[in-house]
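Below: the structure, in structure tokens.
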Amino acid sequence: MVTLVKQESYKLVKRPSLFVFWFGLTLFQVAIAVYLLTHPNASNPSSLFINSFYAPVLIVFYMLALTSTQLSSEIQYGTLKSLLYRRYSSSKILASKWVTLLLCTLVLYASSLIMSLCLAITVFNGKIDLVAKGIKGQQVWQIWLMNNLSSFLTLIFILSFVCLLATLFENSTPAIIIGLSTYFIVSIFNLDCIIKVTTQKM
């Protein structure tokens with residue numbers, strides 16, 4: 001299992017798209033921050049910080065595409081057979097891919113969190129009060145962490161679902177479409193729950 005995870009991690013690191021996305025994600029966060037500086041009425045700095053300058057949205061799209069293509073492309077091009085011939089069970093192969101995707105998601109979220117904190121401290125120095133009270137008396141930094149944790153757990157659930165769907169299709173398109181649809185449905189459900197809770201408290 002460890003060997004398979006190392007192999008999958010190596011294949012993932014060798015993908016140029018990963019580093020291109022990683023670099024683009026950082027630039028995107030910086031661009032959002034710069035836009036807010038030049039257009040201060042566009043949004044609230046604290047709100048953007050809580051949402052990590054919209055980095056989780058890009059991570060969702062990238063990871064869904066990566067998850068659906070990681071297995072379906074190997075099925076399509078026949079490279080999966082070489083692993084099966086080496087006496088690795090299909091369950092171990094699928095588990096190793098899921099663990100690799102989990103690690104990749106963790107790295108991307110950690111990177112976006114670090115970048116968000118750097119932007120809050122440097123670019124928005126004095127404009128974002130990390131210890132200010134917010135919802136339920138929680139401080140801004142606590143809301144920020146909980147919001148990103150919720151987004152991360154939701155994404156992990158959907159990636160697991162998409163990973164299983166990818167085994168049913170040789171083409172990655174159906175898995176991507178179903179994964180995105182599931183993500184938006186879950187997001188709408190979460191938003192609806194938040195609205196109901198807020199309404200009851202008012």
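The values are calculated or read from the model by the stated rules, or taken from the named source; none is laboratory data. None of the values given here were measured: they were computed from a predicted structure. Counting neighbours? That spans all protein chains shown, and the Cβs are built from the backbone with ideal geometry, glycine included. All accessible areas refer to the heavy atoms of the entire protein, side chains included, with ligands and DNA or RNA removed. Shrake-Rupley method; radii C 1.70, N 1.55, O 1.52, S 1.80 Å.
This table checks each residue for (1) over 23 Å from the mean Cα position of the chain (by Cα); (2) within 24 Å of SER47 (Cα to Cα); (3) at pLDDT 80 or above.
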{"position": "ILE128", "(1), (2), (3)": "yes, yes, yes"}
{"position": "LEU159", "(1), (2), (3)": "no, no, yes"}
{"position": "SER187", "(1), (2), (3)": "no, yes, no"}
{"position": "THR199", "(1), (2), (3)": "yes, yes, no"}
Elements of type helices (runs of 4 or more DSSP H) in the range 1-60, at least 2 residues being without any contact (Cβ under 8 Å) to a residue 40 or more places away in the chain, basic (Lys, Arg) and surrounded by fewer than 16 Cβ atoms within 10 Å (Cβ to Cβ): 2-13
Which numbered condition LEU119 misses (of (1) over 30 Å from CYS163 (Cα atoms); (2) at pLDDT 90 or above; (3) open to solvent by 60 Å² or more (accessible area, probe 1.4 Å); (4) not aromatic (Phe, Trp, Tyr)): (3)
Residue match in the range 93-101 (condition: open to solvent by 80 Å² or more (accessible area, probe 1.4 Å), in a helix (DSSP H, G or I), at pLDDT 85 or above and closer than 21 Å to THR26 by Cα): no
